[in-house]
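The values are calculated or read from the model by the stated rules, or taken from the named source; none is laboratory data. Note that this is a predicted model, so its numbers are computed, not measured. Here the Cβ positions follow ideal geometry from the backbone for every residue, glycine too, while neighbour counts run over all protein chains shown. Accessible surface is based on the protein model in full, side chains and every heavy atom, while ligands, DNA and RNA are left aside. Shrake-Rupley method; radii C 1.70, N 1.55, O 1.52, S 1.80 Å.
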Amino acid sequence: MTARTPEEILAGMDLPEKIAQLQILWRRDESEAMQLARDGIGALFWPQSAARTNALQRAAVEESRHGIPLLIGLDVVHGQFTIFPTPLAQAASFDPDVAVSDARVSAREARSSGVNWTFSPMVDVTRDPRWGRVVEGFGEDPLVAATFGAAKVRGYQGDDLSAPDAVAACLKHFVAYGAAEGGRDYNTTDMSRQRLREVYLEPFRAGVAAGAASVMAAFNALNGTPMHAHRRLLTDVLKSEYGFGGVVVGDAEGVAQLVPHGVAADEAAAIARSLNAGLDVVMGGATLPGGADLLAGTGLSPARVDDAVLRILRLKRDLGLFENPYVDESAEATGPSEAALAAACAAAERCIVLLKDDAGTLPLDPAPRRVLLAGPFAAGTDHLGAWVQHFAAGAGTLHDALRVRFPDTAWTAGPEMDALSPSAAAIDRVAALAGDHDLVVLAVGEPSALSGEAASRSDLRLPGDQERLIHAIADTGVPFVVLLATGRPLVVEDWIDRAPTVALTWHLGSRGPEAIARVLAGDVDAGGRVPMAFPRAVGQIPVHHDALPTGRPARTGGTLGAPRADVGLAGPDNLDDTYTSKYLDLPLGPRFAFGHGLSYTRFALTDVAADTDALDLAALGRGAGVRVRVGVRNVGDRDGDDVVFVYVRRRTASISRPAQSLAAFARIAVPAGAEREVALDVPGDRLGWYDDDEVFVLEPGELELVVTDGADTRILPLRLTD
Ligand code: BGC
C-alpha cells in the first residue's frame, strides 16, 4: 500500500478532525491522554517513557479515524538526561560545536524515548539580565544568537528528521520577547522596526535558513499587538518573506492569553484570531477535538485551517511517523551514557570564563597544599541550571571533583551554606578557618532556581549575604579564588575589586564540577568569553557592545561632585565632558563587556589581511563577502584558545550605525609557541542594515573591519562602491 500524502489525508477530514490536529496538550492522566489520541488530537506532551509513547501512538494510528500519528513534544533545552551547560554558558564558549554536541546528545536521548519535537532553541537576543530567561538564550549579540541557534537546529534535526536520533527543533520565542520592558517576564515590548529587523529577527531568519521545523510565538505584545495575534510578523514576515514552511506553535496557554491581553473577548475568539494570524498549533487551552463548535461564528478561515493542518501533517511525514510511528523500546535511553557525559564535560570546559586573575593564581598549583573550599556551591549539587526536568542526571559536588583531580592537596570543606541565606556564623567560621590554609576557593553564586522562566530579578547582586563572605575572606589576607556560578550576568561591583581571581562557572550541567576541576588544574585553557555584558549597576541596563552612538559621547565616567554651569547661557561646551551621555554615579561602560575573557596564555595577532579592500554593491547583492585571514601566535608557555572577533565600523551612513557590530567570530586552539591561521568570512548581509521601512540597505562608503582578540587589534579598511 502506498503511503497517503498529507493532501490526501486532509481531503478526507471534517472540520472537527482538522481542528483536533491543531493542538498540543498536557495530560497527566493516562486514560485521558489515550482518549485524546483516539479522538485524533495532533500532539501531546511526552508521557515519560517509550512504552507509554508507543501506547499513545498505537491509539492514534490504530483507533483514530484517520490513523494520524502524534507529535510528542517536550522542552529539551540543554539536555534530556545528560545535562549540558545552560545555553548562555554555551554561548560563552564562542564555539558553535558546543551547541551541536548538546543538541546531538539531546536528540538521541529524547527521540529514543518517544519525544519527536523539542521546544528549543531559544534564540531571543537578551540585553537585560533582570530577565531570568537570559539563561536560555545566547546573549546580547544577534550574530552569536543566530550562529548558535542555527547550530542547535542542525544538531537536533541532523540530516534526516526521520532518523532515530533526530527531533524537530523549535525557534522561540517569535519575536522580541527578550526585550520585555524592565526585564520583567511576560511583559510588553515596544521597538522600532529597524531594531526589530537588525537585532531580534536576525536569529529567526538564520534558524529558518538552517531548516528549523517549527517556531514558537512569544507571550509578549510587540508595539501593541500580542505576538500570538501578529499576522504581519507570523504570516507576512516569517512564512511569506522567510519562506518558513514549518509549524508555528503557540506558547503555553499563549492563545487563551489574548483575552487578558485585551484583544479577544473569549477563548474561541482568541483561537480564531491566532489561527487567522498564522499560528498553526495551539498549546494548552480548551480541548478542541469535541469543541470545533466553539469556533462557529468566529470568522476562522477554513483555508487557514487547511494550511495549518497540512503543515502539521508534513512535519509528521518528515519525521517518518507515517512509516514508523513507534520507537524501539529496547533501545530507550533512560539515563546518560558515559560517552554523553564525556561530551557534556568537554562542552562545559569550553564555557568557563576567566574574568580576572591579578595574582596569576590559576591554574592552581598541584603541589601539596592546604586549600579551604567554601561557599554555597562548594558541597552543593546545584549545577544543572534552569530548564531541566526531574529525571535529569544530577551533578556531583565540586568538593568531590576537586579531591579527585588534586589528590595531593589537603582540601578542607567549609561549613554548609544556603545560597539565599548563609548564616553569619557560617561566614565567620570560613573566615576563621582561612588562616590555616594556603588558599581559599570560594564557590559562590546564584542558584539555578533564580534564573529561567518567571525568574526576573530587580537586584542583580549575589543573593543572600554572599558578598559579606567574600569580604570576610579578603580581610584575612589569605589568597583566594572566586568561582562564580550563575544563570545570568550579575552586578559584582561590591566585591570584584577585592577578589584577585574570578572564574565565571555558570551552571555547567551534569559534569560541571569535573569541568571546573579540569580548568582549575589547567588541563584545558579557561578560554570562554562573556556573551552578555555584566553591568555595573541595574540602572545602567541595557549596556551592550553594539549600541548606537550619541551626539554627545562621554570620554570619562561621571562624578556626583561635578561642577555645574548654566548650559543655556554658556552653551554645552562650557565644561569639559559634562554635558555628555553617562551616569553621574558610574564609570563608563559595563564591568565586563561582551567578548571579555582572559586565558592561561598570551596571544599575538600576526598577519591579518582581507582578501579585498573594495567590494561593489552589485557583487554584494549576489552574495559576495570578505574573507579575513588572521594569524594567531601563542606567545605564552601553555597551550590555549583564543577568540578572534571581526567587527564592522562605519562612521558615516544615511542612518546612525553602531560604533561596532559583530560580523564574524572564531575560537582557535593554538599550542604553546605555535602559530595558527584562522579564516573568518564576513558575508554581505553584515555590511548593510535594515532601515525603518524594513528594507535591507547596502550603501557605498568607507568601512573598517576591526579585527581583535581583545588584547591585540588591527584595522582593515574596506570600501563599498557602486
Ligand atoms: C515557555 C516555553 C515552553 C513552554 C512549554 C512556556 O511557559 O515559555 O518556552 O516551551 O512553556 O513547556
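Ranked by solvent-accessible area (1.4 Å probe, protein heavy atoms only, all chains present), the residues 113, 423 order from largest to smallest as 423, 113. Given only helices, namely DSSP H runs of n ≥ 4 each adding -39500 (n - 2.57), what is the per-residue ellipticity at 222 nm of the chain, to the nearest 500 deg cm²/dmol? Dividing the helical sum by the residues of the chain leaves -7000 deg cm²/dmol. Which far-off residues, 5 or more places away or on another chain, put their amide H under 5 Å from the one on residue 441, with H placed in the peptide plane? For residue 441, the qualifying residues are 372, 373, 374, 481. Once divided by 2.2 N^0.38 Å, the Cα radius of gyration of region 255-348 becomes 1.61. Per the Debye formula on identical point scatterers at the alpha carbon atoms of region 425-537, with no solvent, log10 I(q)/I(0) at q = 0.11, 0.16 Å⁻¹ is -0.38, -0.81. Spread over its residues, the convex hull of the C-alpha atoms of the chain is 177 Å³ per residue. The count of lysine pairs in the chain with alpha-carbon distances below 28 Å, taking only pairs 8 or more places apart or on different chains, stands at 10. Annotation: per residue accessible area for region 307-444 equals 42 Å², rounded to a whole number [probe 1.4 Å, protein chains only]. Look at the alpha carbon pairs under 8 Å that are at least 6 residues apart: their mean separation over the length of the chain gives a relative contact order of 13 percent. Placing +1 on the Cβ of every Lys and Arg and -1 on the Cβ of every Asp and Glu, with no other charges, gives region 599-709 a dipole of roughly 320 debye about its Cα centre. Applying 1/(1 + (r/R0)^6) with R0 = 56 Å to the Cβ-Cβ distance of residue 7 and residue 330 gives a FRET efficiency near 0.95.
Backbone phi angles across region 596-613, fed through the Karplus curve with coefficients 6.51, -1.76 and 1.60 (θ = phi - 60°), yield HN-Hα couplings of 6, x, 8, 8, 7, 10, 10, 10, 10, 7, 9, 6, 10, 8, 9, 6, 7, 10 Hz in residue order; Gly and Pro are listed as x. The antiparallel fraction among DSSP beta bridges confined to the chain stands at about 55%. Between residue 26 and residue 97, the contour length at 0.36 nm per residue exceeds the alpha carbon distance by 22.3 nm. Extending 7 Å from the Cα toward the beta-carbon at both residue 607 and residue 48 defines two label points whose distance is 6.1 nm.
Computed 3J(HN,Hα) for region 331-343, one whole-Hz value per residue from the Karplus formula 6.51 cos²θ - 1.76 cosθ + 1.60 where θ = phi - 60°, is 9, 5, 7, 10, x, x, 8, 4, 5, 5, 5, 5, 5, glycine and proline marked x. For region 56-212, relative contact order (Cα pairs under 8 Å, six or more residues apart, normalised by length) works out to 25 percent. Computed extension length for residue 400-residue 675: 95.3 nm, one decimal, from 0.36 nm per residue of separation with the Cα-Cα distance subtracted. A simple count of charges around residue 380, restricted to other residues whose Cβ falls under 11 Å of its Cβ and scoring Lys, Arg +1 and Asp, Glu -1, yields -3.
Couplings 3J(HN,Hα) of region 579-592, computed from phi: 8, 10, 7, 5, 9, 4, 10, 9, x, 6, x, x, 6, 10 Hz, in residue order, whole Hz [Karplus 6.51 cos²θ - 1.76 cosθ + 1.60, θ = phi - 60°; x for Gly and Pro].
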